[in-house]
Every structure is written in C-alpha cells, then in structure tokens.
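Remarks on the structure that follows.
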Amino acid sequence: MSKLDELLKKEKVEWKTIGSLIEKHVEKQRDNPDIKLVYTVSKDFGLISSNEFWKNNIDRQDDYTVYSEDIANYNVIRKNMFAYNPSRLNIGSIDCLLDREEGVLSPMYVIFKVNESIINPLYLKYYIQSPKILKKIDNKKEHGARFRFDFERWNLIKIPIPSIETQEKIVKILDKFTEYVAELQSELQDRTKQYAYFRDRLLSEDYLNKLSNNPKILGGRYRLRTTTLGDIGFFTRGNGLQKKDFVSKGKPVIHYGQIYTKYNFQTDTTFSFVNEEVFSKLKKAKYNDILIATTSENIEDVGKAVVWIGHEEIGFSGDMYSYRTSENSKYIAYYLQTAEFQKQKERKVTGTKLIRIHGDAMAKFSIALPPIEIQNKVVEVLDKFQSFLSDTQGLLPQEIEERQKQYEYYREKLLTFDENMVASKQASKQDNI
C-alpha cells in the first residue's frame, strides 16, 4: 500500500456542508478608502487585477477600465477569503486571495471567509475546483435558463473534512504539482519572449540600416526603402465559407477562426475540406500567399497570419484576407508578428466586443524593406529560430500536459474520501463476519 493510500485509509473524516464552514463577507470600500485595487475573477486566471485582465481584451488604452469610477460600493476582499461569480461558478470562476494585495470586487461577486479552525482555505479551494464538486454545483443550481448559484446553495453541498494536519499534507502535495506546472509554463513563456525580442530586433529599421553599412553585405551599398503593404502587394477578402460546409474529404479550405486556434506560422495542409460546389464559389489562395484573420474577440488574434506553402489552391472564409506579394512572403509574415506591426494595428482596429481590421487599413501600414537577398537571409535565420521554438514548445506543452494530468489524478485521489470510507466500512464488515 502506498503512503498516499495509507494516509487516506487511516484518516477519519466528518462530512459537513460547505455552507456550515463559510460566512458571507460584506465590507464596503467606502469604509476602507485606502484599498483601491480592483479585482476580477476569471476561470483561467482566478483573482486578477481588473486592469491587467482587460487591458488587451477590449480597449487599446493602458488606462482602460471596465469598472465604475466610483468604487465606494465595491466589496473588500482580504487574505484567505474567496470570491466567485454566481453566474459562472460552474466553469470554475472562483478563487481565494492567498498571497496578494487586499482589494475590492464589484457587487456582482460574492465574497466569503472560511472557518480556518476547521478547514484550510487551500484545501477548500482545491476541492471546489475539482470536476467532481463543480458537477455537484451545477446540479444544485437555481432552476431557470441561466446558471445561478447564490450563497445559500452552499448548504446543499457536503464535503469530507479530515483533520487540519491531513488537510495541510494534502495541500502540500498538490502545491508541488501546481508549482511545477507553473515553472514549466513560465519557462515556455520565457523562450517565447526571447524569440520575439530577437525577431523584432532583426526586423527593426535600426538594425537593417546598420546591416546596410556593412561592406560584407551586398558591398554595403543597399538602402532600406520605406513602403506600404498596399504598394508591394494586394489583399483579397474571403467569402462564404461556414463550418457547416465542412466535409471529411474534398477540397482544402481554411476558416478564419482556425488561424489562431489550429495553425502556426506556416502550413502546407488544411484541417478542413468542402465539396466541389462550395469550393467553386470561394476566393482562393495560392502558394506563398499569406492568410490573415481580421476578426476576433481580442486584439492579439486580429491580424494573426499563416503562410500557405502548399502547392494546390485553397479556399478561405470571410473575416479574413489573403495577401499576395512579389517580396518574400515569409518576411512579410514575420513582420506581421512584430511589436511595430502591433502598434500600427492597434491604431486601426474597430469594435469592442468583436474586434476587426479591414484590408484598406492594412494596405496603408508602413514597412521598411531591404533588398530581396537580405529578406531571404533574414527569413533563413528566423526559420531556424521558429523551428527551434516549435520543437521546444512541442516538448514543453507535452510535459505540462502530462504533469497536469498527474496533478488531476492525485487531486481526485486525495479528495475522494467517500470511496475510501466505503472500502474501509466494507473491510470492517468482512472482519466481523
């Protein structure tokens, strides 16, 4: 028997409703004027500064906020307190303020504190975020078309409460898994940032001008030319393709949403196909064309591009453009990833909940171009870095996924006292026969 099984088997637990372990907390910012940090609760990021969460999602201004200028009626959250959205709890929009600064949340959120003499806040957090408890929460929701889980409904859900010592041991084990996954994710982000810095530097006008003065490169005689995307190529707007048109086999197509969910920098194959009739009505892209998504719910994905390097024509949907140029297509596509392009893009996008950019606006974007020979060299270097990054990204996410699965396995095992109790009772009955 493993140490883990031994820990769970010997532990005596008491089943209590979550409602009996928590107390709703209402404390207004007007009584705590020094507390000014406004939080949001996200299913992906937990408790996060509202400014940090929204700064790139809706508006381009650094000082953009979605909360009221007057936060006097907002509720204060303090250390070890929980906050959740009653309308989104079923997808995991709940978190505990552990080691971050005290702040406030909109009245739409519910805040509660726990009886720490009975339950460790982190133990409760791990338990609530498990699929098992989220399923129970969904089953106990209010009746109606939309999900709603008000505070009183915590009295409908029971959880096993081992000793505080055992709770701390369980938390310690699960913390190690979450910390390791976080380290892997941080390493992946660092590598991506390093690549982005190198790419932006290599494509910068300043660096390319320095190259032009190097006698070893084209005799030091070339000069950059500043032009626009419209002057060196043309945009074609897609049309007609819908997901309902997809078939298992047929003519290759790309839907705009797939550009930022399924494809990387370049591709010679597609994930989707349509029949001949649908294909004949679509706009087509050819070898070396750049396919650009022009609609998304966030500003980062607008303008995301993939280079088509397949040798057959493909169809593409509306809400995207193909871009054809006599310059090196991959050089242009790398430029579309740079911070300089992002700055130009942010000044031209439209919309709030749905962000868009139009081909006419992109045609006016400026770009500093070296001769084609230098473009080819730059692309050769960046391709190597892109390949290296893709290889390491392929390894790291795989390890992250494996560690995440391992964490989820141990989390469920550590929090499943009911099954162990049943087994223990059955064994006890056998012993008495």
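The values are calculated or read from the model by the stated rules, or taken from the named source; none is laboratory data. All values reported here derive from a predicted model rather than from experimental measurement. Virtual Cβ from ideal backbone geometry, glycine too; neighbours counted across all protein chains shown. For accessibility, only protein heavy atoms count, side chains too; no ligands or nucleic acids. Shrake-Rupley method; radii C 1.70, N 1.55, O 1.52, S 1.80 Å.
Once both labels are positioned 7 Å from their Cα atoms along Cα-to-Cβ, the gap between residue 101 and residue 198 label points is 3.6 nm. Here the accessible area of region 266-361 is 47 percent carbon and sulfur, with a 1.4 angstrom probe and all protein chains present. Once both labels are positioned 7 Å from their Cα atoms along Cα-to-Cβ, the gap between residue 261 and residue 132 label points is 3.2 nm.
Measuring with a 1.4 angstrom probe and ignoring ligands and nucleic acids, residue 326 comes out at about 110 Å² accessible.
With contacts taken as Cα pairs under 8 Å and at least 6 residues apart, region 250-313 reaches a relative contact order of 40 percent. To the nearest 10, the accessible area of residue 180 is 80 Å² with a 1.4 Å probe.
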